[in-house]
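Novice: Can you keep this structure in mind? I'll have questions shortly.
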Amino acid sequence: MSEIDADIAVMGVPCATPYLRNEQYGLANLAGPAALRKASMRLGGYHDRHDWDLDSRLLPANRAVDIGDLPLDFYQSETNRATIKAAVEQLAARRVAVLALGGEDSIPIPMVQGLSSYEDVTVLQIDAHMDWRDSNYDERWGLSSGMRRASELPFVKNIIQVGTRGPSSGGDIEVRDALAWGVKFFTGEDIHDKGVQPVIDAIPQGANIHVNFDLDGLDPSIMPAVWVPSPGGLGFWHAMKLIRGVAHKANIVSVAFVEYVQDRDPSGVCAGVAVRLASAFITEILRSRGRF
C-alpha cells in the first residue's frame, strides 16, 4: 500500500462479518468482486470515448489502480475486519480514495473505522434499509448494524441516509435512536418527489465523505440482482446526479458497492449498472482533484 501512487485504489472485498447463523445472505454476495470486474472489462478499450453522462472522456486520467482482492475468509470475521480496516487506514493516510467492490453489507463497518485520519467524516448511505440494529443473530458487526457502528465513531460527524423504504431493518426504537443522533433521512418517496438536490444540500461543504452504496438502494427495475429488492428506489439518473453533486461539493474518500447477487443477474445487465456508477465515482473524484 505504501508504494501506491494514485488518487483512487479499487479493491475487491467479498465479505467482512457475514451472519454465520444465516449464511445464505453472505454467500450470495461472495462472487460480487469478480463479477463486477468482469463487467468492467468492456470499458477498457473505451478511454478515447466521450462520456455523455459525465461530460468528459471516459475514465480521463490514469490515476486509479486495482489492488486486487483483500485476503479474506468467510469464516474469520474478526481477521477480516482487521484486514479491511488496515488497508483503508494505509490508503487514507496517503489520501488515496478507496473504492471497494463487494461483497456483503458489513464491509463498510471496518472501512469507516479505517478513515480516522480524516478526523471529520460524513457517511452517506444509499440503501433501502436503515441498518441501525445494535445486533442481529447475536452479532454486533453484521450488515444490519452498519450505521449504528458508524454512529459510535468519534470522527463520524454526520450520517445521511438515502432511499429508505418498505419494511425497515429496524423497529421504532432504532428509528428514534437514529433521529436522536442526528441522522438525516431521505426516503425513496422523498427522492421521487423532490429529486436528489435536498440530499446534496444536506452535505457540509468540503466534507470528507464515505459513500455506502448498497445496490438495493436502487429501484429493482434497474437493479433486481440484490437479496431483498424493494420497489420505489433510486433510478439511474437519481444515482448519477447524486454522485456528480456530492463530488462537486465534498471530498469523496471512500465508496463501498455492496450486496450485488450474481445469481440473480443472468444477463449481466445489473453488473453493468453497478460498473457504470463506479466509473462515475472514479471520474468525479479525479475531476474534483483537478486531474483533468
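Novice: Which of (1) touching a Phe, Trp or Tyr at 6+ places or on another chain (Cβ under 7 Å); (2) among the small types (Gly, Ala, Ser); (3) assigned to a helix (DSSP H, G or I); (4) within 23 Å of residue 204 (Cβ to Cβ) is the odd one out, the single condition residue 280 does not satisfy?
Specialist: Evaluating residue 280 over (1) touching a Phe, Trp or Tyr at 6+ places or on another chain (Cβ under 7 Å); (2) among the small types (Gly, Ala, Ser); (3) assigned to a helix (DSSP H, G or I); (4) within 23 Å of residue 204 (Cβ to Cβ) leaves (1) as the failure.
So that you can scan it fast, the table gives a plain yes or no per residue for (1) among the hydroxyl-bearing types (Ser, Thr, Tyr); (2) in contact with a helix residue (DSSP H, G or I) (Cβ under 7 Å, 6 or more places away or on another chain); (3) in contact (Cβ under 8 Å) with a residue 12 or more places away in the chain:
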site: 247; (1), (2), (3): no, yes, yes
site: 261; (1), (2), (3): no, no, yes
site: 265; (1), (2), (3): no, yes, yes
site: 269; (1), (2), (3): no, no, no
site: 274; (1), (2), (3): no, yes, yes
site: 285; (1), (2), (3): no, yes, yes
site: 291; (1), (2), (3): no, no, yes
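Novice: Pick out the one residue from 88, 98, 10 that is touching a strand residue (DSSP E or B) at 6+ places or on another chain (Cβ under 8 Å), under 22 Å from residue 283 (Cα atoms) and in a helix (DSSP H, G or I).
Specialist: Values: 98 fails: in a helix (DSSP H, G or I); 10 fails: in a helix (DSSP H, G or I).
Answer to the selection: 88.
Conditions (1) over 18 Å from residue 84 (Cβ atoms); (2) outside any loop (DSSP other than H, G, I, E, B); (3) at pLDDT below 90; (4) not polar (S, T, N, Q), marked per residue:
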{"position": "30", "(1), (2), (3), (4)": "no, no, no, yes"}
{"position": "39", "(1), (2), (3), (4)": "yes, yes, no, yes"}
{"position": "54", "(1), (2), (3), (4)": "yes, no, no, yes"}
{"position": "66", "(1), (2), (3), (4)": "no, yes, no, yes"}
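Novice: Quick test of your reading of the structure: residue 24 fulfils all but one of (1) touching a residue at least 40 places away in the same chain (Cβ under 8 Å); (2) closer than 14 Å to residue 262 by Cα. Name the failing condition by number.
Specialist: Against the list (1) touching a residue at least 40 places away in the same chain (Cβ under 8 Å); (2) closer than 14 Å to residue 262 by Cα, residue 24 comes up short only on (1).
Novice: Only one of (1) of a type in the set (A, V, I, L, M, F, W, C); (2) under 29 Å from residue 24 (Cα atoms); (3) loosely packed, with under 15 Cβ neighbours inside 10 Å fails for residue 222. Which number is that?
Specialist: Of everything listed in (1) of a type in the set (A, V, I, L, M, F, W, C); (2) under 29 Å from residue 24 (Cα atoms); (3) loosely packed, with under 15 Cβ neighbours inside 10 Å, residue 222 misses just condition (3).
Novice: Taking the condition of being assigned to a loop (DSSP other than H, G, I, E, B), surrounded by 19 or more Cβ atoms within 10 Å (Cβ to Cβ) and at pLDDT 95 or above, how many residues in the range 142-191 meet it?
Specialist: Of the residues in that region, 3 qualify.
Novice: So residue 224 passes all but one of these: (1) in a loop (DSSP other than H, G, I, E, B); (2) touching a strand residue (DSSP E or B) at 6+ places or on another chain (Cβ under 9 Å); (3) more than 28 Å from residue 57 (Cα to Cα); (4) not polar (S, T, N, Q). Which condition number does it fail?
Specialist: With respect to (1) in a loop (DSSP other than H, G, I, E, B); (2) touching a strand residue (DSSP E or B) at 6+ places or on another chain (Cβ under 9 Å); (3) more than 28 Å from residue 57 (Cα to Cα); (4) not polar (S, T, N, Q), residue 224 is out only on (2).
The values are calculated or read from the model by the stated rules, or taken from the named source; none is laboratory data. Bear in mind the structure is a predicted one, so any value in this text is a computation, not a measurement. Cβ coordinates were reconstructed from backbone atoms using ideal geometry, including for glycine residues, and neighbour counts include every protein chain displayed.
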